[in-house]
1. Given the conditions (1) aliphatic (A, V, I, L, M); (2) in contact with a strand residue (DSSP E or B) (Cβ under 8 Å, 6 or more places away or on another chain); (3) within 16 Å of HIS329 (Cβ to Cβ), report the number of the one that ALA188 does not fulfil.
2. Residues to consider are GLU50, GLU74; find the one that is open to solvent by 70 Å² or more (accessible area, probe 1.4 Å) and closer than 20 Å to GLY229 by Cβ.
3. Which ones in segment 36-47 are under 21 Å from the mean Cα position of the chain (by Cα) and open to solvent by 40 Å² or more (accessible area, probe 1.4 Å)?
4. Here is a list of conditions, (1) open to solvent by 50 Å² or more (accessible area, probe 1.4 Å); (2) farther than 22 Å from GLU366 by Cβ; (3) hydrophobic (A, V, I, L, M, F, W, C), and TRP324 meets all of them except one; can you say which number that is?
5. Taking only pairs six or more apart or across chains, which ones have beta-carbon atoms under 9 Å, a first residue in segment 237-250 that is farther than 22 Å from GLU160 by Cα, and a second residue that is among the acidic types (Asp, Glu) and open to solvent by less than 20 Å² (accessible area, probe 1.4 Å)?
6. For LYS90, indicate whether it is at pLDDT 85 or above, part of a loop (DSSP other than H, G, I, E, B) and open to solvent by 60 Å² or more (accessible area, probe 1.4 Å).
Amino acid sequence: MSTKSPLADPRSLLDALRTGTPLPGLPSDAVKRARSLAAEPTSAPPADVEALPEPLALALLEGSVLAGKPALAEALAGSGNKGLAKAAKKALYRLRSRGIEIAEPARPAASEPPRPMVSGPEPLPALLTSVDGTGERVLEIARPLRGGGVEAIQFLYSDEQGVLRLQAVELSRGEYRRVVKQATRPSADAAVEIPHTEALERLAAAAGLNLRTHIAFPPGLDTALRHLGVQARDVPLEIPPPEPEDERLAHDAHKLHEELEMRGWLPPMDELERLAHKVDELEASPLALTMAQRNEELIQAAHAQAHAFFESPAMRQLYAGRLWEMAHHFERLGKEQPARVARAEARRLAHGVTEPPSRYAERLYEKALLVTLAERQAPSSRGRSEAREDTRAAEQRRAQTAEAERRSPGGIILP
């Protein structure tokens, strides 16, 4: 007897989304979006559900029915997708038969004539910078204004806290296109263009992280979300399990630190301080060692600290997410090999693979060791502290130009 495909049964497909079962017959990006909504389908935005392939939309609709909530079915009953609208009406009938109150369809007022559809200009592309060593990046979205101009809104957001601050400026569409051209010029800190819809999804997830971490919205974020039609949604990043080729690819993970976009990545400041303390201990050791032996001791100490830092599941997930995002960024820059290596290392970190040890992590701490040794050249303790800060800042600037040169004709600071 043949087994019914989960794609043909909304309830089976809903279970597959919630359990992470592979669904090779559907687009991976759509499956990823559907998984993020499947946990709480009753709160899924109807527009997001309607945009999914029909089997996935029907699965989420089934989830809302099972929960006894009619809101999603009520919204989708008027969908332009005939199959989805028909299923939503059946869902409402099922809910009504269970004694659940269903809202009557809204009827337009007789005195209010239907408004003609007005097609506006295509949305302008958004801009997204790479992730820096602290997990921060900049997202810039253009919102059309009456009269033909745009409001260019920049959001600085973190993968640990959400949106940290924003700024906006009004530009003409021509000025904004010049901003895009300048920001995407090949350089160490080049931004990439992303579709407007993806930018809104990223903003929703970033604002959702504010809610999860109880970090207050920065001034102006509520207004910006309302104007852009974005609702904050907590969408945890899901990284798939390791693949057979990952171990071979991850063997070169240390080379990621040679990429311009990742040269400034360093461990957190408290880890730099801890490593500096360890270097002090080794240099004060009474053992008579050659320079080569001392250097080997220092490298081993750096590697040991790297292994200890990445033993923490939270740190592994955090850096796996950063590498996963950098893989997307590398792909958009046309850097296929770094993208493949970053994905492989991200999968290994996210799923706790510890053998062989992460060369990405070891190289991160080798760079930290270089920073620590460089500050030893300072003549005083105060000078050492300043040198450490200066060296760290130099690693992270990645040859940035002066701020005055980075302003567009409209005055916005480019990513």
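The values are calculated or read from the model by the stated rules, or taken from the named source; none is laboratory data. This structure is a prediction, so every number in the text was calculated from the model and none was measured. Reconstructed Cβ throughout: ideal geometry from the backbone, glycine too, with neighbour counts over all protein chains shown. Protein only, heavy atoms only, side chains kept; ligands, DNA and RNA dropped before computing areas. Shrake-Rupley method; radii C 1.70, N 1.55, O 1.52, S 1.80 Å.
1. Status for ALA188: all satisfied but (2).
2. Going through GLU50, GLU74 in turn, the sole match is GLU50.
3. ALA39, GLU40
4. With (1) open to solvent by 50 Å² or more (accessible area, probe 1.4 Å); (2) farther than 22 Å from GLU366 by Cβ; (3) hydrophobic (A, V, I, L, M, F, W, C) applied to TRP324, the lone miss is (1).
5. ASP246/GLU345; LEU249/GLU345; ALA250/GLU345
6. no
Okay, residues lined up against (1) of a type in the set (Ser, Thr, Tyr); (2) part of a helix (DSSP H, G or I); (3) over 15 Å from LEU266 (Cα atoms):
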{"position": "LEU298", "(1), (2), (3)": "no, yes, yes"}
{"position": "ALA306", "(1), (2), (3)": "no, yes, no"}
{"position": "MET315", "(1), (2), (3)": "no, yes, no"}
{"position": "LEU318", "(1), (2), (3)": "no, yes, no"}
{"position": "TRP324", "(1), (2), (3)": "no, yes, yes"}
{"position": "HIS328", "(1), (2), (3)": "no, yes, yes"}
{"position": "ALA342", "(1), (2), (3)": "no, yes, yes"}
{"position": "GLU362", "(1), (2), (3)": "no, yes, no"}
{"position": "TYR365", "(1), (2), (3)": "yes, yes, no"}
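Per-residue answers, yes or no, for (1) under 21 Å from THR134 (Cα atoms); (2) open to solvent by 40 Å² or more (accessible area, probe 1.4 Å); (3) not hydroxyl-bearing (Ser, Thr, Tyr):
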residue: GLN293; (1), (2), (3): no, yes, yes
residue: GLN305; (1), (2), (3): yes, no, yes
residue: GLN317; (1), (2), (3): yes, yes, yes
residue: LYS335; (1), (2), (3): no, yes, yes
residue: ALA361; (1), (2), (3): yes, no, yes
residue: GLU366; (1), (2), (3): yes, no, yes
